[in-house]
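The values are calculated or read from the model by the stated rules, or taken from the named source; none is laboratory data. All values derive from a computational prediction rather than experimental measurement. Because the Cβ atoms are built from the backbone with ideal geometry, glycine has one as well, and the counts that use them run over all protein chains shown.
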Amino acid sequence: MEPSDSGLIQKCLAGNQDAFAEILSRYKRLIYSVIYNLMGDSQEVNDLFQEVFIRIYKSLHTYNSEYSFATWAAKIATNVCLDRQRQKKFHQVSMEEMVEISDNRENPEDLYLAKEQKHKIRMAVDGLPEKYRVPVVLFHQQGFSYGEMAIILNQPVSIIKNRLYRARLMLRDTLAANREKEAVSR
Amino acid sequence: MNCKECHQQLMDYFDHNRESKGLQLLHSHLDSCQGCRELFDELTVILGTLEATSMVEPESGLEKKVMKRIQSLPVLVKQGDDGLSKMFMGSLSVIFTLILLISTPILNHISFLDMLIHGRSFIYRLSGIVLDCQIIYHFVSGLFSTFLFSLLQQIQSVYTIALFMTVFLGVKAVYGKLAVVKNGSI
Ligand SMILES: [Zn+2]
């Protein structure tokens, strides 16, 4: 049987660093995705990934097993990303930095359209103010529940729910406005 | 169902709360209202795209980089450094409290008068041997008694403060440790 998360954490706290390698391999995808979806800058994502896991390692003794490890780790990742963004004030995503995992069963043209669509949606998400952007990423991309988001963001569910509602409408409006702009320029 | 109610239902739908009764009402409104149907279609594409492209695989080699940095960090000790130092402080304060509790009555027992008498006769002999001079004896012993008296007072007040401090530290250590266990946040 696989050791539980809390079993691994106990091992880490007893000085076993190999146990942390197992935690890392269990949560690398989640944490990388949270950072990638929140940041949208590939070089920085790698730096932040390392920083987040070191932060997780150093604060393992504060982990409370009442919460799921995924939620707790995502909270650390979110905080690190938002701190970094607040330092930088603004960020940009360029076409080259968009590295997507492609599915080569699709035909090239569909693939291109799908990619362009993804890119536009992603740009719209990146353009949202932080308080609307973060719930979109956590709920729609990372699949966290409202209860989990309340823990991650330290905010009541009602506020998060409201923001997510507004964020969806903002996304729709942004994309609709972009379509109109494109139609005019053609 | 009017459009406002429909928006509420739509948001529940994209929250993945899709109970069949609400869903039926939603669809019957969407069939008859173009505006809401467009909103529904656009959100389906936007949020569906976000949800389909959520997980991103970290670059290979990144895991090794993290573990290398972790291995260069000090090995974690059970309960973390914080817990250890608190435990240390806690036991230290218990020992000090005991010493102080035992030593205070003893100190009170050796009266200041005894020490003064012993001190005076000692100085008397010393000054007799060295100088054989009454004036110097009175001067020196006067100084000595004032000095000894204030020293004793200081010792007493220092002991009292130390007693309070160690009790405070002991209580704080015990509660602090509980707080570390309870507090799951960072
Ligand atoms: Zn309507």
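From the list A:Ser25, A:Ser65, A:Ser4, exactly one residue is of a type in the set (S, T, N, Q), farther than 30 Å from A:Leu128 by Cβ and touching a Ser or Thr at 6+ places or on another chain (Cβ under 7 Å). Which is it?
So the residue among A:Ser25, A:Ser65, A:Ser4 that is of a type in the set (S, T, N, Q), farther than 30 Å from A:Leu128 by Cβ and touching a Ser or Thr at 6+ places or on another chain (Cβ under 7 Å) is A:Ser65.
Go through segment B:24-51 residue by residue and tally those that are in contact (Cβ under 8 Å) with a residue 12 or more places away in the chain and more than 9 Å from the ligand (Cβ to nearest atom).
Selection size over segment B:24-51: 6.
Mind listing just one residue for me: the one in segment A:1-12 that is out of contact with any helix residue (DSSP H, G or I) (no Cβ under 6 Å at 6 or more places or on another chain) and part of a helix (DSSP H, G or I) and, of those, nearest to the other protein chains (Cβ to nearest Cβ)?
Selected residue: A:Gln10.
Can you pull out the residues in segment B:47-68 that are more than 13 Å from A:Tyr32 (Cβ to Cβ), within 7 Å of chain A (Cβ to nearest Cβ) and outside any loop (DSSP other than H, G, I, E, B)?
B:Leu47, B:Thr49, B:Leu50, B:Glu51, B:Met67, listed by residue number.
Out of curiosity, is A:Leu164 at pLDDT below 95, outside the structural domain of A:Ala73 (by TED's automatic domain parsing) and not charged (D, E, K, R)?
no
Of everything in segment B:146-186 that's of a type in the set (D, E, K, R) and surrounded by 13 or more Cβ atoms within 10 Å (Cβ to Cβ), which residue is modelled with the lowest pLDDT?
B:Lys177
Could you say whether any residue in segment A:11-30 is under 12 Å from A:Ile76 (Cβ atoms), aliphatic (A, V, I, L, M) and free of Cβ contacts under 8 Å to residues at least 60 places away in the same chain?
no
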